[in-house]
Amino acid sequence: MNLLLYIIENFLRIFGLFWIAGGILALKTAKESCFLDTCLEQIQQKKVDHLVTNFMFIGGFLTLLSGIGLLINNDGVVIILVTLIISQLIYFNIKKRKFMRAESEEEREEYSINSSTYNAFLTSIYLSIIVTIKIILKRSIDLFN
């Protein structure tokens, strides 16, 4: 049982490195998106929807934090992961409502959900499950020792 816990903890640490890189990349992309939103507002002289940019900042920040939590093997990372999942669900819900109200094909395309975003959501769920299993396994080992 200790070997399984050791394997899970080290898998999560290694995955944490990738998750940190993903969080940094998402924050960089959000910064670029914010710049583009500002440029579009100035060119078009009308307000641009900042939904995607705002959620990119939120998602990037939570991904970075959870990656750090995974890397340092902190059990509290499950709270950050659940927060990330909830923020993604809110984002999907808002996008769905805007997609349903879209009047043009261009708007529908803008409010459709990218497969990479959906895959990140699924990965967040899987990570939360693995972290929860690790916590349960760790507590049961501590209980029996």
* Structure fact -> For the stretch 1-28, pairs from a residue that is farther than 19 Å from GLY76 by Cα to a residue that is in a helix (DSSP H, G or I) and of a type in the set (Ser, Thr, Tyr), with Cβ under 6 Å and 6 or more apart or across chains, are GLY22/THR63; ALA26/THR63
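Which of the residues that make up the stretch 103-145 are among the hydrophobic types (A, V, I, L, M, F, W, C), in a helix (DSSP H, G or I) and in contact with a Phe, Trp or Tyr (Cβ under 8 Å, 6 or more places away or on another chain)?
Restricting attention to the stretch 103-145, the residues satisfying the condition of being among the hydrophobic types (A, V, I, L, M, F, W, C) are 113, 120-122, 125, 127, 129-131, 133, 135-137, 141, 143-144.
Narrowing the set further to residues that are in a helix (DSSP H, G or I) leaves 120-122, 125, 127, 129-131, 133, 135-137, 141, 143-144.
PHE121, LEU127, ILE130, listed by residue number.
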* Asked: farther than 28 Å from GLU9 by Cβ, assigned to a helix (DSSP H, G or I) and of a type in the set (Val, Ile, Thr) - does that describe any residue in the stretch 62-71?
  -> no
* Return only the number of the condition from (1) within 13 Å of the chain's Cα centre (by Cα); (2) surrounded by 15 or more Cβ atoms within 10 Å (Cβ to Cβ) that ILE24 does not satisfy. => (2)
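Considering only residues that are polar (S, T, N, Q) and part of a helix (DSSP H, G or I), which ones fall in the stretch 24-61?
Keep residues of the stretch 24-61 that are polar (S, T, N, Q), which gives 29, 33, 38, 42, 44-45, 53-54.
Scanning the stretch 24-61 gives THR29, SER33, THR38, GLN42, GLN44, THR53, ASN54.
Report whether or not SER116 is surrounded by 13 or more Cβ atoms within 10 Å (Cβ to Cβ) and under 23 Å from the mean Cα position of the chain (by Cα). Don't jump to the end; show me each part of the working.
On the way: surrounded by 13 or more Cβ atoms within 10 Å (Cβ to Cβ): no; under 23 Å from the mean Cα position of the chain (by Cα): yes.
Taking the combined requirement at face value, the residue does not satisfy it.
So that you can scan it fast, the table gives a plain yes or no per residue for (1) out of contact with any helix residue (DSSP H, G or I) (no Cβ under 9 Å at 6 or more places or on another chain); (2) among the hydroxyl-bearing types (Ser, Thr, Tyr):
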site: THR29; (1), (2): no, yes
site: ASP37; (1), (2): no, no
site: GLN45; (1), (2): yes, no
site: GLY60; (1), (2): no, no
site: GLY69; (1), (2): no, no
site: VAL77; (1), (2): no, no
* Is there a residue being more than 18 Å from the chain's Cα centre (by Cα) and under 30 Å from ASP142 (Cβ atoms) anywhere in the stretch 11-20? -> yes
* Structure fact -> Checked the stretch 68-81 for anything surrounded by 17 or more Cβ atoms within 10 Å (Cβ to Cβ) and either in contact (Cβ under 8 Å) with a residue 60 or more places away in the chain or within 10 Å of the chain's Cα centre (by Cα) (or both); matches are LEU70, ILE80, LEU81
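Somewhere in the stretch 39-61, is a residue within 21 Å of LEU89 (Cβ to Cβ), modelled with pLDDT of 90 or more and of a type in the set (Ser, Thr, Tyr)?
The initial filter retains those residues of the stretch 39-61 that are within 21 Å of LEU89 (Cβ to Cβ), namely 49-61.
Next, only the ones that are modelled with pLDDT of 90 or more stay: 54-61.
Keeping just the survivors that are of a type in the set (Ser, Thr, Tyr) gives none.
Looking through the stretch 39-61, none of the residues is within 21 Å of LEU89 (Cβ to Cβ), modelled with pLDDT of 90 or more and of a type in the set (Ser, Thr, Tyr).
How many residues are in a helix (DSSP H, G or I) and over 10 Å from the mean Cα position of the chain (by Cα) if we restrict to the stretch 84-102?
Within the stretch 84-102, the subset in a helix (DSSP H, G or I) is 84-101.
Of the ones still in play, those that are also over 10 Å from the mean Cα position of the chain (by Cα) are 89-101.
Going through the stretch 84-102 one residue at a time, the tally reaches 13.
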* Asked: Within the set of pairs 6+ apart or on separate chains, which have a first residue in the stretch 100-125 that is free of Cβ contacts under 8 Å to residues at least 40 places away in the same chain and of a type outside the set (A, V, I, L, M, F, W, C), a second that is surrounded by 15 or more Cβ atoms within 10 Å (Cβ to Cβ) and outside any loop (DSSP other than H, G, I, E, B), and C-beta atoms under 7 Å apart?
  -> ARG108/PHE99; TYR111/LYS95; TYR111/LYS98; TYR111/PHE99; SER112/PHE99
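The values are calculated or read from the model by the stated rules, or taken from the named source; none is laboratory data. A quick note: this is a predicted structure, and the numbers were derived from the prediction, not measured. Positions of Cβ are backbone-derived with ideal geometry, glycine not excepted, and every protein chain shown enters the neighbour counts.
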